[in-house]
There are 2 protein chains.
Amino acid sequence: MTTSSSRLARLTSYLPILDWGRRYGRADLTGDLIAAVIVTIMLIPQSLAYALLAGLPAEVGLYASILPLVFYAVFGTSRALAVGPVAVVSLMTASALAPLGLETIGDYTAAAAVLALVSGVILLAMGLLRLGVVANFLSHPVIAGFITASGILIAASQAKHILGIKAGGHTLPEILIEIGRQLPNVNWPTLVIGLIALAFLFWVRKGLAGVLKSAFGMSAQAASTTARVGPVFAVIGTTIAAWALELPGAGVAVVGQVPTGLPPLGLPTIDFGTLGALVVPAILISIIGYVESVSVAQTLAAKRKQRIEPNQELIALGAANISSGLSGGYPVTGGFARSVVNFDAGAETPAAGAFTAVGLLLAALLLTPLLFFLPKATLAATIIVAVLSLVDLSILTRAWGYSKADFAAVLVTILLTLGVGVEVGVAAGVLVSLALFVWKTSRPHVAEVGQVPGSQHFRNVLRHKVITDPAVLTLRIDESLYFANARRMEDLILARVHRNRDEIKHVILMCSAVNEVDLSALESLEAINQRLTDQGIELHLSEVKGPVMDRLKCSHFLDELSGQVFLSQYDAFVALIEREHAGGDKLSVA
Amino acid sequence: MTTSSSRLARLTSYLPILDWGRRYGRADLTGDLIAAVIVTIMLIPQSLAYALLAGLPAEVGLYASILPLVFYAVFGTSRALAVGPVAVVSLMTASALAPLGLETIGDYTAAAAVLALVSGVILLAMGLLRLGVVANFLSHPVIAGFITASGILIAASQAKHILGIKAGGHTLPEILIEIGRQLPNVNWPTLVIGLIALAFLFWVRKGLAGVLKSAFGMSAQAASTTARVGPVFAVIGTTIAAWALELPGAGVAVVGQVPTGLPPLGLPTIDFGTLGALVVPAILISIIGYVESVSVAQTLAAKRKQRIEPNQELIALGAANISSGLSGGYPVTGGFARSVVNFDAGAETPAAGAFTAVGLLLAALLLTPLLFFLPKATLAATIIVAVLSLVDLSILTRAWGYSKADFAAVLVTILLTLGVGVEVGVAAGVLVSLALFVWKTSRPHVAEVGQVPGSQHFRNVLRHKVITDPAVLTLRIDESLYFANARRMEDLILARVHRNRDEIKHVILMCSAVNEVDLSALESLEAINQRLTDQGIELHLSEVKGPVMDRLKCSHFLDELSGQVFLSQYDAFVALIEREHAGGDKLSVA
């Protein structure tokens, strides 16, 4: 019995649907269905628009919003995450495919599907190997900087659709120069449609909820959720206008023929060279997509006191991307705005996602002929309004005010993402963060400490009024001791001792902040011990932590140490003063 | 007056010769002259041999032992360091020049001189920018592994000269395979000369000092210093043998025609492509050379209670290498064995080095015709005996016993140095060390702590018998909080609280080991504070260090914190227990 129940528990951990599925009730169904309808209406224009952003045909966006949602529903642990094409990943897809120089649109969509497939395999492997922690190396400021820069880049890349011009470029300077050069060729009907759509969408975002509240007496939450379906009216309105006014004849670009039917199932075929070139972008897309998705999921789970399982999320996103790659889609992940709408609209379980998939499937089967006259400018406006909410340059001022190292990491990420590309930007952000961390740990803070009067607590002599003794020097080392700082520490301690070499009889290294002593640092400690012994000074340690003490016991250092290891700094101070003065008559308050 | 004396002090710090030169006396002169004679006799065969190892004509070794010694004497701060060609840097020179595919020996020596020049400029720049700390990123185990692997590689590369065969190869497997293939072509007279030289040199190293002590009544130090000139007898003996027995006719390779005269002064000319290819090797040669040199200098300075100035050492080595590059030499640095001999023979000031330079200059002017019949096998034997003393595989067992991370770094360094090359080996060693350090800090130790009875000291509940309270959970975080561990810490703390969520009223984070809180970690702390507040639990901090507290004050965190920041953990524990129980009746000893 125990075995079978533990086997079931294990199975449930890999297939969370077995857990919530068994307890699925009528109330859950109602909530999930309402949420699914709203998310479907929101997702149709978004999925078309993001496909456009990725440089793909519109239907690829629809295909990426069907099977991946079903697979996430089976494997995911978040009750509210809405999976599908998102802006940043679409930009990264475009940036991964552009340098391949693919000639036909068929090759391009095949490569996008392979990118989803490779990314899915990577996510799945990371999940099975419990490597979710790798994502932690992306610091919050680097992510914030990257998302902001991506938002700016995406908005800039869509400007050409609003202006009705053809312009290339992958970095912000390139895009702006291209737009500037093509500005004389602006298509005025397109610009009018684009500006109207932009203005309407901004109003939907800022003003519609207020109108719904005051005019229809809706609750604040219901109003803001309903306002989310606003963009579909821009789609309907501009499509009708384009059809009625025969705008394609006036040079307004429209979506055109979109194939009707089920997504194509099967393995996309590309050559090995292309596959190789997609691996690094797929890794970055996987990690960025995972980080975005898991932070949304965690925020929403916390609101309902639920928990998500990060490694299982990797598995779920992996399955979603593999299914996307096998059904003519491209890389997907959990979207922020969409998941919030799903949550606010009352989604109770991942089944809401599966119902949304049905909605998108119906759209792919029935609605595609209606999309012929949808102006690309409308889709571009949808993207611009969505991504501008991602742009938040306040991370720069926050980081500047808090820590220059964090600021440097954000600045590098933003500048390189805008100026060179998304992959270089995010990689440089991670490397700069790590390099600055290592650099800081190589130059640690060392404090001379004394006893806080009336307590057994020891603090920095420069910051607190404390008791010290000329014969007993206590130095608190504020860092793990390892190769990058060992020699520096050696110099620092010996130089400090040199200043009062005639008075000092004992040096105590207070190790409360030393979390690690590696072999290089051990050799430095041995050297310090030797040099102090040569000068007739004893070296003591205090407050050495368990794991560090275990490590030191593997060496001969403790046998060679001229002094003792004390449990607490107070014990050390009292014992050594006793020994030197038989009563501590020389104590001075610094 | 003050200005001019401080200007003088500054000048003296850049030109240490102004300091010791003013106080130079007769006793100094005697010591320096004796040391110079001994080092000269030792350096002549070494400089020829290391030039051979670097793939250069023999005279280049002599040239690299003249001007560089004079420049080091002017700028150096070590009283005993003997600069010149050394084994590891010669190997690195060979490894830097081999892939360039240079056709004439003239191009090859020009490239070697440029390598010295570039390396000198890099060292000088590092010194002026006070970047000596960069060398600290080479951990002791990585250096030990690298030197050991280089020693093996050098010894293997010289075997062909002992065997009298032609064999190429740059990695250990390549060299061994080549030797195996060429073994049938062994030149027997060469092998006999080589083996005799090897046996004699081993005996000189191990047994000669003992003979000198017992037979001539020398002191132990005098005997071991005198034994250092032993190799010159191998040179003289085998040269005479080769001349008398007409060994070149029997296929024994000899040094041959060595140009007589002063080193050629002037800028070596090479093309820009070659210059570009030399920059990375020059950086590695600079850092390795500096690390080797400065550790010898530091060891010797400590013995006489002197100090060296690491950044000025960079300047001095930079000047030495620039002068080497401008006088037909190749990269040089301070040699270990040579410096010890210099020190033991009584060198009092860097003037000993300048006198040695005069000795080498005389050798270049007068002795070169005598070197014609010097067998290359003798020089190879000199190298092999010298480098085998560098080989010390015990670093592997020491690292294994102390820390698996250190072991991994050594192993990677040794295997890649032997199997791929010196540059890859040392670079991989540094990267692996850093990656393992970062990985460890991303998975920190967290201890639940309690009060050690009868003290104000708090330790791990799992290791010590301590007092705890069910309402007050204290967690000591044994690492700086930064992006790579912030989210993990968040999960860990919340999971621990979840286990006793009905009893816990207060969580204290004891921050004695937290040396840094970056922006990502600050956001995690805010999240922890928010989640605990939602559960009706207060969050407190204790023992936050000055620098971390300064940082936290730059944010809103302290205003939002549900609890307090206590100076000491004891203060926090007492105050919170008081508040919960009005007297602490529920305390339990775990």
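The values are calculated or read from the model by the stated rules, or taken from the named source; none is laboratory data. Being a predicted model, the structure only gives us computed values, none of them experimental. Methodologically, a virtual Cβ is constructed for each residue, glycine included, from the backbone with ideal geometry; neighbour enumeration extends over all protein chains shown. Accessible surface areas use protein heavy atoms only, side chains included; no ligands, DNA or RNA. Shrake-Rupley method; radii C 1.70, N 1.55, O 1.52, S 1.80 Å.
Restricted to region A:450-465, and to residues there that are open to solvent by 50 Å² or more (accessible area, probe 1.4 Å) and free of Cβ contacts under 8 Å to residues at least 60 places away in the same chain, the residue that is farthest from the other protein chains (Cβ to nearest Cβ) is A:454.
Of the residues making up region B:437-449, those that are in a helix (DSSP H, G or I), of a type outside the set (Ser, Thr, Tyr) and open to solvent by less than 50 Å² (accessible area, probe 1.4 Å) are B:437, B:438.
One residue is enough: does region A:411-422 have a residue meeting the conditions part of a strand (DSSP E or B) and touching a His at 6+ places or on another chain (Cβ under 7 Å)? So far as region A:411-422 goes, no, none of its residues is part of a strand (DSSP E or B) and touching a His at 6+ places or on another chain (Cβ under 7 Å).
Give region B:450-480 a look and list any residue that's assigned to a loop (DSSP other than H, G, I, E, B), within 23 Å of residue B:491 (Cβ to Cβ) and touching a Gly at 6+ places or on another chain (Cβ under 6 Å), or say none. Correct list: B:461 only.
Would it be correct to say that residue B:567 is among the aliphatic types (A, V, I, L, M), under 30 Å from residue B:453 (Cβ atoms) and facing chain A (nearest Cβ under 8 Å)? Criteria met by residue B:567. Taking first residues from region A:533-546 that are closer than 22 Å to residue B:450 by Cβ and at pLDDT below 95 and partners that are open to solvent by 60 Å² or more (accessible area, probe 1.4 Å) and not polar (S, T, N, Q), the Cβ contacts under 6 Å between residues at least 6 apart in sequence or on separate chains come to A:546/B:463. Comparison of A:124, A:129 shows that the only residue that is free of Cβ contacts under 8 Å to residues at least 60 places away in the same chain and not charged (D, E, K, R) is A:129. Selection of first residues in region B:256-279 that are in the same structural domain as residue B:111 (by TED's automatic domain parsing) and of second residues that are open to solvent by 60 Å² or more (accessible area, probe 1.4 Å) and in a loop (DSSP other than H, G, I, E, B), restricted to Cβ pairs under 7 Å at least 6 apart or on distinct chains, gives the following pairs, ordered by first then second residue: B:256/B:372; B:257/B:372. Among the residues of region A:107-127, none qualifies, meaning not one is within 14 Å of chain B (Cβ to nearest Cβ), part of a helix (DSSP H, G or I) and open to solvent by less than 30 Å² (accessible area, probe 1.4 Å). Each residue in region A:517-528 was checked for being at the interface with chain B (Cβ under 8 Å from one of its Cβ atoms) and either in a helix (DSSP H, G or I) or among the basic types (Lys, Arg) (or both), and 4 pass. The set of residues from region A:534-548 being within 12 Å of chain B (Cβ to nearest Cβ) and either part of a helix (DSSP H, G or I) or surrounded by fewer than 21 Cβ atoms within 10 Å (Cβ to Cβ) (or both) comprises A:534, A:535, A:546, A:547, A:548.
Note on region B:165-181: residues that are open to solvent by 30 Å² or more (accessible area, probe 1.4 Å), touching a helix residue (DSSP H, G or I) at 6+ places or on another chain (Cβ under 6 Å) and small (Gly, Ala, Ser) total 2.
In this structure, is residue B:498 away from chain A (no Cβ under 13 Å) and either under 26 Å from residue A:306 (Cα atoms) or part of a loop (DSSP other than H, G, I, E, B) (or both)? For residue B:498, the condition - away from chain A (no Cβ under 13 Å) and either under 26 Å from residue A:306 (Cα atoms) or part of a loop (DSSP other than H, G, I, E, B) (or both) - is not met. Of all the criteria given as (1) part of a helix (DSSP H, G or I); (2) in contact with a strand residue (DSSP E or B) (Cβ under 7 Å, 6 or more places away or on another chain), the one not satisfied by residue B:52 is (2).
The residues listed here are A:405, A:377, A:381, A:399; of these, the one that is open to solvent by less than 10 Å² (accessible area, probe 1.4 Å), at the interface with chain B (Cβ under 9 Å from one of its Cβ atoms) and modelled with pLDDT of 90 or more is A:399. Of all residues in region B:164-178, those being part of a helix (DSSP H, G or I) and within 20 Å of residue B:54 (Cβ to Cβ) number 4. When each of A:488, A:531, A:551 is tested for being in contact with a strand residue (DSSP E or B) (Cβ under 7 Å, 6 or more places away or on another chain), in a helix (DSSP H, G or I) and facing chain B (nearest Cβ under 10 Å), the lone residue that passes is A:551. Of all the residues in region A:63-80, those that are hydrophobic (A, V, I, L, M, F, W, C), open to solvent by 10 Å² or more (accessible area, probe 1.4 Å) and not in a helix (DSSP H, G or I) number 1. Scanning region A:371-389 for residues that are over 14 Å from residue A:148 (Cα atoms) and not aliphatic (A, V, I, L, M) yields A:372, A:373, A:375, A:376, A:378, A:382.
If you go through region B:504-516 and pick out every residue that is open to solvent by 10 Å² or more (accessible area, probe 1.4 Å) and either more than 7 Å from chain A (Cβ to nearest Cβ) or modelled with pLDDT of 95 or more (or both), you end up with 3.
Take residue A:232 and decide whether it is touching a residue at least 40 places away in the same chain (Cβ under 8 Å) and buried (at least 19 other Cβ atoms within 10 Å of the Cβ). In short, no. Of all the criteria given as (1) touching a Lys or Arg at 6+ places or on another chain (Cβ under 7 Å); (2) among the hydroxyl-bearing types (Ser, Thr, Tyr); (3) open to solvent by 10 Å² or more (accessible area, probe 1.4 Å), the one not satisfied by residue B:468 is (1).
Checked against the criterion of being open to solvent by 30 Å² or more (accessible area, probe 1.4 Å), without any contact (Cβ under 8 Å) to a residue 60 or more places away in the chain and assigned to a helix (DSSP H, G or I), region B:313-331 contains not a single residue that satisfies it. For residue B:189, the criteria (1) under 25 Å from residue B:150 (Cα atoms); (2) buried (at least 18 other Cβ atoms within 10 Å of the Cβ) hold in every case but one, which is (1). Residues in region B:554-564 that are surrounded by 17 or more Cβ atoms within 10 Å (Cβ to Cβ) and either of a type in the set (A, V, I, L, M) or facing another protein chain (nearest Cβ under 8 Å) (or both): B:555, B:561.
Number of residues in region B:128-143 that are within 14 Å of chain A (Cβ to nearest Cβ), assigned to a helix (DSSP H, G or I) and either open to solvent by 30 Å² or more (accessible area, probe 1.4 Å) or at pLDDT 95 or above (or both): the value is 5.
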